[in-house]
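The structure under discussion appears below in the form of structure tokens.
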Amino acid sequence: MSQPLKQTQRTAHTAWCPAEAGANLLALGSASVGTSASDATLDFVSFDAGRSGADMDVKASIRMEGGRRFSTISWGRLGSETSFPMGCVAGGLQDGIVSLWNPNVILNSNGSDQGVINTLQVHKGAVNCVEFHPLKSTLMATCGDSEVKILNIESPSSPNLFEPSTNNKHLGSEVLSCAWNRVVPHILCSSSNTGTTVVWDLKQKKEVISFQDPASRLRCSSVAWHPEVPTQLVVCYDDDRQPSMQMWDLRNCQYPFKETAPHTKGVLSVAWNQMDPNLILSCGKDNRVICTSIASGSPETWCEMSAQQHSFEVEWAPHKAALFSAASSGTVGIYSVQQQQNAGKYCPRWYRKRCGVGFGFGGKLLSFGAKATDAAKLPTASFCHSLVVPSEPEIVPTADLFEHWIAERRLREYCHDKTRRCGGVASHEGLMWELMGSQFEEDGRSKVPTLLGFDQDRILQEAERLLGAKPGNLMGQSPEEEQAPAAAVPSLGPELDLTQAESFFEELSASTEQKKREEMEREEQKKKNKTEEVSKVTDWSSGPEALIKQSLLVGNLTAAVELCFKSGKMAEALLLASGGGTTLWTRARDEYLRLQGDSFLTTVGNIMTNDFSKLVANSNLAHWMETLAIVATYSNREYQALCEQLAERLEKEKFDIRSAVICYICAKNFPKTVSIWANTHVASQGSQKLALQDLVEKMAVLQDATKFNQADPLFSQKLTKYAEILANSGRLTAAMRYLCLLADDNSSAILRDRIFNSAPSQMGQMLRSAPRFPFQTTEVRVVQSAPSARSSMGYPGQSAGGVGVNPGAGMGMGTNSMMSGGMGGGMGGNMGGNMGGNMGGNMGGNMGGNMGGNMGGNMGGNMGGNMGMVGGGGMPNMGAGMGAGMGGMGGMPGSMPGSTPGMGMGMGMGDVGGVGGVGGMPNMGGNIGGNMGSMGNMAMGGMGMGGGMAGGMGGMGGGMANSGNPAPVKSSEKMPRQSRTCRKVSFITHLLHQD
């Protein structure tokens, strides 16, 4: 019996609330059967599926006027949501009365207001069915007696009543059910107790067609239209002998196109699921509610629910797909087809998604849904669209632009473009990009001073303006310049008109006068200089000057130079040193620089001596650009090391990382540059994603410029993170291009594999081979091992056993003959063989510490004693399994088979070993023989019990005695107390056997 989700104890017709706000609300009208007149009520109940318990809450209740009881009930929308937000309840009562209620008024007043809208006499007898129109909520159909009535309740206080046709096909019968077509609004059907089903056309006000069951079934208890196909309907018959549900198609209504008989007795009600037309619910007199599926083309039971009493009415919940109500005598229950364990394989349509969307790797968005088509056309067409939706749309335009530059290998032009967009080299960002761009050029280093602001052309123009002539003219021409060929005579310009000619001569006259003035100024300056020079003439005939001259005359240039320095004649000292060889010149130069104490001259000296490391170490960091320009101009192979030295000073001494990063770029130090960028990129960009994008673009350009191909954790981390963002934004090619800049490391291996396998054809054109599989593979294989051979087994007519090497022994034996064994022998074999062999061998061998004793004693004794088999014949034969442990003076397996068939005996001998027992029965030995021995003759088994029990004790004692003594016991040593006790027990056992 199926248990309902919720239930209430009353006999009532049910109607679900059509408004979504009241999806868990029902109207219950007291039924005509089993209800007294004083108990006739209209109740509004609700349920909470998430709350424990099966009770339903009564929200409001009103008593029926005159004690009238319901014969049917329906709940419709009634169109106007302002006046009737909860719709309208229509009840078919006794005596042909139809009443209308406003449920909103009743619920808000908790039943104090009756909420009656109208009550009118519609039929002469009981109203069998009331149904609101599903498409036009102001129409309602009722049936009773032999009539079908249509009520227009557009004005609920004064409804209009009319018949579907003047020709009544149901005349002389009782109309039991009626239903509105779910697709065509002016079509109505009705069925009667004579087996006739009539389809009415309200627009034409006449009967469209009528049909009857070919098997002449009469009582049509219920009828329902297909929710989507307007020409199909189902009719059920309340016939206990031939219960049936028939599906008819009006395009050929001579016979039903489908028929099923799920019930064994008459069918009372049928309901077609509005959310899944493949499910039809029915109830019958056989105390079952059955849900039938027609999805496969033929009706088949999908699930069923049994109850103690039959339900007379079922109805699907309009907003809860799997729920339905079932009304029976005394109970109204809410059930769910999802909780039925006997449900078939069909998946209801409400489980299917009408539309859906899902994101996939690579920024892919897959959407599916049903196309907007005519509902009558089945199956419904569907669509599936694949789109690319970037997860980070803000980075896509810039990423696509950079991908264009990097794909064409035009990174130098990209750097120039970035410099232009940053406002030129005047900005720090523009200077970085321009310096990175210069790394792609062979003479890029020569451009560094210009980029730092030391423009050679500008400096030359300033010098020329100051000198009044191009540099080099004041010191006279070199021999090469003097021998240079004369310049070519410039060609005459174009012909001049009169106005241009006059202007030319005016400009020429002014130019000539200007040149004359400049020439006069130069002549005056020369005269002035000559006068000053005459006044500065040195007297070399006396004083230190005379000594300098004399030193020069005798060829001692070193003394002459030192005397010049001593007299403060620096220029003369350098002039004299220049002719004294390299050593003298170097010493004079260094001395001159020392005496001057000028930082710039010190710098010049470092340049002349190529001591650039000292120059950088002593340079003023406030003028780091000058130092970098000198290094770029004069240094040779040590250029990068000097730039890195300067960068380290800026970073550690001045903490100027912005200036340091410029020097690191010139030094082509990729890791240090990336480290500084990584610490400052968020602050410079604001957005983390945009900052990461800018950082990765810089790193990619710098890596290509410096040809850096080593592993750098920070570079790998940032690049992998950005590649993942690009991949999730649908830019798989760009993401893989970035990953190819990295070494094949584990941090990016998974992402490489995902990108490659998401677009294998596209990636195959880009890569030579597929990336390695990022996970470790382990081959899991089930190995079938051959069963190991038993260490000992008793066979007919022979003994077998495993011998251990540790103290402890156990043995089991089985003797047999064609004679019968007795109960005593059985117990002796059981207890002696099993306990003596198993306990003695197992405990002695296992606890003694070696597999030899364990396997020998346990398997030899137990298997031999339990499974030993003997052959047949007139004389006793013996099969034994034995395990022995060598202990003390060299143990031996005890073996004392009984002289009489059926006798059991066990012995434990302490240090020597333990003996199993003997049992007897044909073809069985040890344990089995002992257990089954009672089936033989008891005449000769009188002496076996004592021996068997004592054997069990002896075997156990032997095993325990040696369990704690893994080392052999010498004969000269004193025997332990436990061993002496076991020997006593073994001796007593032997005496018992003799008795």
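Just so you know, all these numbers are worked out from the coordinates, no wet-lab data involved. Please read these numbers as outputs of a predicted model, since none were measured by experiment. We place every Cβ from the backbone using ideal geometry, glycine too, and count neighbours over all the protein chains shown.
Only four residue types carry charge here, +1 at the Cβ of Lys and Arg and -1 at the Cβ of Asp and Glu. Report the dipole size of the stretch 71-147 about the Cα centre in Debye, rounded to the nearest 20.
Once rounded to the nearest 20, the dipole reads 120 debye.
Which order do the peptides 702-712, 352-362 come out in when sorted by mean C-beta neighbours inside 10 angstrom, highest first?
Ranking the peptides 702-712, 352-362 by packing returns 702-712, 352-362.
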### Message
Quick check on my link table: of Lys136/Lys371; Lys447/Lys526; Lys124/Lys203; Lys364/Lys721; Lys320/Lys345, which ones sit more than 28 Å apart, alpha carbon to alpha carbon?
### Response
Lys447/Lys526
### Query
Does the stretch 700-782 come out rounded, prolate or oblate, given a ≥ b ≥ c as the square roots of the eigenvalues of its C-alpha gyration tensor, rounded meaning a/c under 1.5 and, failing that, prolate meaning a/b above b/c?
prolate
### Message
If you average the C-alpha positions of the stretch 710-729 and of the stretch 129-170 separately, how far apart do those two centres end up, in angstrom?
### Response
73 Å
### Query
Which of the peptides 455-462, 416-423 is most tightly packed, and how do the rest follow, judged by the mean count of other Cβ atoms within 10 Å per residue?
416-423, 455-462
#### Entry: Highest average packing first - 650-656, 324-330, Cβ atoms within 10 Å
324-330, 650-656
### Message
What does DSSP give for the stretch 1-119 in terms of the percent of beta bridges that are antiparallel, rounded to the nearest 5?
### Response
95 percent
### Cβ-derived FRET efficiency at R0 35 Å, Ile459 paired with Glu519, nearest 0.05
0.80
### Query
Between the stretch 176-207 and the stretch 543-572, what is the C-alpha centre distance in whole Å?
139 Å
### Message
Taking the alpha-carbon distance from Lys566 and a cut-off under 20 Å, which aspartates and glutamates remain once sequence neighbours fewer than 8 residues away in the same chain are dropped?
### Response
Asp539, Glu545, Asp590, Glu591, Asp598
### Filter on Lys418/Lys672; Lys169/Lys285; Lys149/Lys285; Lys654/Lys707 - keep pairs with C-alpha separation over 26 Å
Lys169/Lys285; Lys149/Lys285; Lys654/Lys707
### Task
Post the alpha-carbon centroid distance, the stretch 286-331 to the stretch 588-660, in whole angstrom.
96 Å
### Task
Assuming R0 = 60 Å, can you tell me the calculated FRET efficiency for the pair Gln339 and Glu163, based on Cβ-Cβ distance, to the nearest 0.05?
0.85
### Message
Taking just the alpha carbons, could you work out the radius of gyration and Dmax for the stretch 179-309, both in angstroms?
### Response
14.2, 47
## Note on the structure
Extension length gain for Glu638 and Ile209 (0.36 nm per residue less Cα distance), in nm, is 143.8 nm
### Query
Rounded to the nearest 0.05, what FRET efficiency is calculated for Leu621 and Trp585 with R0 set to 25 Å and r the Cβ-Cβ distance?
0.20
